[in-house]
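These notes are about the structure you will find just below.
The values are calculated or read from the model by the stated rules, or taken from the named source; none is laboratory data. Everything numeric in this text was worked out from a predicted model, so none of it was measured. Virtual Cβ from ideal backbone geometry, glycine too; neighbours counted across all protein chains shown. All accessible areas refer to the heavy atoms of the entire protein, side chains included, with ligands and DNA or RNA removed. Shrake-Rupley method; radii C 1.70, N 1.55, O 1.52, S 1.80 Å.
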Amino acid sequence: NSFPVEIAEEVFYCGYHSEKSFGATSYFIQRPEGNILIDSPKFNPRLVKRLETLGGISHMLLTHIDDVADHVKFQSHFGCNRFIHKEDYRSNQGNIEIVLDSYDEYELAKDIIICPVPGHTKGHIVILYKNKFLFTGDHLAWSDRLKQLYAFRNACWYSWKKQIESMTKLLNYSFEWVLPGHGRRFQADRKTMHFELEKCVQWMKALEV
């Protein structure tokens, strides 16, 4: 009954992981301009009721094809606009409202940037909120074993080289949170985060050989 659980500043962890998304984590952002669901949890009645009390869902941002789960049910219930990149769009997943057709960043609102990061999949995106929270899907996470930010080398379905390029592009952004679909989330001040991301890029390049 506690889900979704607030992480910080009206950013919530949804819980109710779905096998359809390989157990991926989904997040919810409550904002006056319209709430956002990032990737899809299970369409669970308790969770749905709680999301209704928090103001419903205006937009659903799908980071990539792996983590869409029950997005059709959420859209049918809340009438939200779903976003996915064209390279990860599959017609058998339903008629998604907004299919992004560029690798340029997309400003959904002044406080929300969608950034394509091909690598894990060809159409993977990450979402930057308030220049503070980076929702990374399967692109970037924290590893307790390695004690660093990392990418999933053994689960790179499109191109490791492209994923390195995409990770390098993130060095142009400033943020304090990495909120992944898989792996541990990570929080640090901006300077530390930049340092850790640079270290991740170097680690990825070493694995490329």
Please specify each residue of segment 40-70 satisfying the condition of being open to solvent by less than 20 Å² (accessible area, probe 1.4 Å), in a loop (DSSP other than H, G, I, E, B) and in contact with a Gly (Cβ under 6 Å, 6 or more places away or on another chain). Thr63, His64
So for segment 7-26 (the condition being within 14 Å of Ile127 (Cβ to Cβ), in contact with a Gly (Cβ under 6 Å, 6 or more places away or on another chain) and not aliphatic (A, V, I, L, M)), does at least one residue qualify? yes
Report whether or not Phe186 is open to solvent by 40 Å² or more (accessible area, probe 1.4 Å) and among the hydrophobic types (A, V, I, L, M, F, W, C). no
Members of segment 94-140 that are charged (D, E, K, R) and out of contact with any Asp or Glu (no Cβ under 6 Å at 6 or more places or on another chain): Glu97, Asp101, Asp104, Glu105, Glu107, Lys110, Asp111, Asp138
For segment 47-61, indicate whether the set of residues that are acidic (Asp, Glu), under 24 Å from Val178 (Cβ atoms) and at pLDDT 95 or above is non-empty. no
Which ones in segment 154-163 are touching a residue at least 24 places away in the same chain (Cβ under 8 Å) and open to solvent by 30 Å² or more (accessible area, probe 1.4 Å)? Trp157, Tyr158, Lys161, Lys162
Filtered residues of segment 1-39 (kept if within 20 Å of Val68 (Cα to Cα), modelled with pLDDT under 95 and either in a strand (DSSP E or B) or open to solvent by 10 Å² or more (accessible area, probe 1.4 Å) (or both)): Phe3, Tyr16, His17, Glu19, Lys20, Phe22, Gly23
Residues of segment 73-92 classified as out of contact with any strand residue (DSSP E or B) (no Cβ under 9 Å at 6 or more places or on another chain) and either buried (at least 23 other Cβ atoms within 10 Å of the Cβ) or not charged (D, E, K, R) (or both), total: 5
Every residue in segment 112-135 that is out of contact with any helix residue (DSSP H, G or I) (no Cβ under 9 Å at 6 or more places or on another chain), touching a residue at least 60 places away in the same chain (Cβ under 8 Å) and open to solvent by less than 20 Å² (accessible area, probe 1.4 Å), please. Ile112, Ile127, Tyr129, Phe133, Phe135
Selection status of Ala109, aliphatic (A, V, I, L, M), surrounded by fewer than 18 Cβ atoms within 10 Å (Cβ to Cβ) and touching a residue at least 40 places away in the same chain (Cβ under 8 Å): yes
Pick from segment 136-153, criterion touching a Leu at 6+ places or on another chain (Cβ under 7 Å) and open to solvent by 10 Å² or more (accessible area, probe 1.4 Å), ranking: modelled with the highest pLDDT: Trp142
